1. Condition first: outside any helix (DSSP H, G or I), surrounded by 15 or more Cβ atoms within 10 Å (Cβ to Cβ) and in contact with a Ser or Thr (Cβ under 9 Å, 6 or more places away or on another chain). Can you find one or more residues in the range 57-78 that meet it?
2. Does the range 14-55 hold any residues that are among the small types (Gly, Ala, Ser) and without any contact (Cβ under 8 Å) to a residue 12 or more places away in the chain, and which are they?
Amino acid sequence: MYSVKPGRGPSFGGIFGGIFAALFGIFWTVQASSIGAPPFFALFGVIFVLAGIGGAVISAMNAFGDNRFSSYDITTDDEESDPFIEALGGSLKSGSKIAIEDVDGSEKGKGRKYEGGFCPFCGAEVGEDFNFCAKCGKDI
């Protein structure tokens, strides 16, 4: 399984976003309580505080931790099948990582357009089982 993880820079920025959301929630709760608003308005601020703290903690773990959370997990048909493709009546063909048989029987994505171990667009080294460049993201 391959994982796409968020960068440390955006995660560091997420810490500030979480802190801002928590401070806004505190401000909202205090203001709603001071003007005599119904209790669910104050509860809305508490939800902001909890979401802000949770987001800041997760962002901090991604920014400073060795083992970051994955944004996406990429699996092959050998590891697990895709329930969405199966629900549409298609299947992953064996021996190919991206060939998907459509409901009408036509094939999409028959493999690489360019052969070799390097991306023809940016020159980055690309593994044999990759059909997209990890550096520039283009279809190879």
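1. Restricting attention to the range 57-78, the residues satisfying the condition of being outside any helix (DSSP H, G or I) are 65-78.
Checking which are surrounded by 15 or more Cβ atoms within 10 Å (Cβ to Cβ) leaves us with 68, 77.
From what's left, in contact with a Ser or Thr (Cβ under 9 Å, 6 or more places away or on another chain): 68, 77.
Within the range 57-78, one or more residues are outside any helix (DSSP H, G or I), surrounded by 15 or more Cβ atoms within 10 Å (Cβ to Cβ) and in contact with a Ser or Thr (Cβ under 9 Å, 6 or more places away or on another chain).
2. Keep residues of the range 14-55 that are among the small types (Gly, Ala, Ser), which gives 14, 17-18, 21-22, 25, 32-34, 36-37, 42, 45, 51-52, 54-55.
Those that are among the small types (Gly, Ala, Ser) and without any contact (Cβ under 8 Å) to a residue 12 or more places away in the chain: Ser33, Ser34, Gly36, Ala37.
Values quoted throughout were computed directly from the atomic coordinates according to the rules given, and no laboratory measurement underlies them. Note that the structure is predicted; figures quoted are calculated from it, not measured. Cβ coordinates were reconstructed from backbone atoms using ideal geometry, including for glycine residues, and neighbour counts include every protein chain displayed.
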